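Values quoted throughout were computed directly from the atomic coordinates according to the rules given, and no laboratory measurement underlies them. All values derive from a computational prediction rather than experimental measurement. Note that each Cβ is placed from the backbone with ideal geometry, even for glycine, and that neighbours are counted across all protein chains shown.
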Amino acid sequence: MLKIGTKLRQLRDKHGYTQEQIADTLGMSQGNYSKLESNKYESFSWDILPSLANLYGVEITELLQSDSSLHINMSKNKDNAINAFLVNQNSSNENLIKSLRETIESQKEVITLQKTQIEYLEKALKKEIP
């Protein structure tokens, strides 16, 4: 599965930017941006997604679609982040809603699989499974 950091690295290379240039544009340190590209982040602010999407000429949903492990920190400036997300979309609201619903359904499938794996492991720990 392609992670968001890998995708960002590919887009940055394609456009000929340095990590420092992107970090400056986002108002973050080059080191923090490097962690993002290396998929070594624990979470990151939702606020940077519209800037990244605009910079690379892609939709935010394209940045998110292939990364089911993404954890978005919306605790800071939640309303502003959501507004920025919607304002910076190039697609119609209907396409955005459809894409987000597809992402949610995909995540539900992952959760169901993980629940099954947890149940199996719990049984194995209780030695109910040979």
Would you please put 97-103, 120-126 in order of how densely packed they are, using the mean number of other Cβ atoms within 10 angstrom per residue and starting with the highest? 97-103, 120-126
Simple spin-label estimate for residue 101/residue 121, 7 Å along Cα→Cβ, in nm, reads 3.3
I need the peptides 53-63, 106-116 ranked by packing, meaning the mean over residues of other C-beta atoms within 10 angstrom, with the highest value on top. 53-63, 106-116
